[in-house]
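Notes for the one structure printed next.
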Amino acid sequence: MANISFGIMSGLLIAATLFGLLSIVYTSWRNGISPMPSSAPVRRIVTSEMKRFGEVGPIVEVGSGWGTLALHLSGHDLNWRITGIENSLIPLWISRLSARLSSSDNVTFLRGDIYSYSYEQTSVVLCYLYPGAMKRLSPIFRKQLVPGTRIISICFALPGWEPEEVIVCRDVYRTKVYIYQVVLSNSETDYLKGKAIVGYVD
């Protein structure tokens, strides 16, 4: 009887593991990228930039993956209200579980489509995506984000937009972190403008 129960449990565990792997593979294929955790140097840079912004309103991480960046930020300032948007079930579940285990009350992970989510009330947008996604998000951000909104993009720039700052991290990949701020042009349309600065930061 014990052997039968053990066999059933083993079979269920294998089935659950296989389902999880297939779910990640399918969603990664559909998204064009697999969920990648941000490195420690990148998390430190993003945190430092966030603190430099001063008091900020709602923060949205576009494609929050495993939740490493959002959870890291949530522990640095309890006044930051962070929402992670993710459509891959396994990383989303792990993010939510990690938030509960760490008692992070100022971070929420939602299952959603990053291209249909409303960013109009967002104060800071965080992105760790890929070029195709940044290209699709570019007109969405231009239409929805109000002057003063900040965008921090890890690895990939927003096509056609000038960053306020570009920071090169001292990690293995020399990851670039792009900083943008929405300002108002003379023609009264929102766009991103700034002076590109490249620097190395630990």
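Things worth noting here:
- With all protein chains modelled, accessible area of Glu164 [1.4 Å, Å²]: 50 Å²
- 3J(HN,Hα) couplings calculated from phi for the range 73-82 with the Karplus curve 6.51 cos²θ - 1.76 cosθ + 1.60 (θ = phi - 60°) are, in sequence order, 5, 4, x, 9, 8, 5, 7, 6, 9, 10 Hz; Gly and Pro show x.
- Here is the P(r) of the range 109-186: all C-alpha pair distances, binned every 5 Å from 0, give 3, 14, 26, 26, 17, 9, 4, 1, 0 in whole percents.
- Cα shape, the range 65-158, gyration tensor, a/c 1.5 rule: prolate
- Note on surface exposure: Asp171, Asp113, Asp77, Asp105 rank Asp105, Asp113, Asp77, Asp171 by accessible area, highest first, 1.4 Å probe.
- Subtracting the Cα-Cα distance of Glu120 and Asp105 from their residue separation scaled by 0.36 nm leaves 3.1 nm.
- Whole-Hz Karplus values for the range 122-130 come out as 7, 9, 9, 10, 10, 9, 9, 10, 8 Hz, taken residue by residue from phi with 6.51 cos²θ - 1.76 cosθ + 1.60 and θ = phi - 60°; glycine and proline positions read x.
The values are calculated or read from the model by the stated rules, or taken from the named source; none is laboratory data. Not measured: the values here are computed from a predicted model. Accessible surface areas use protein heavy atoms only, side chains included; no ligands, DNA or RNA. Shrake-Rupley method; radii C 1.70, N 1.55, O 1.52, S 1.80 Å.
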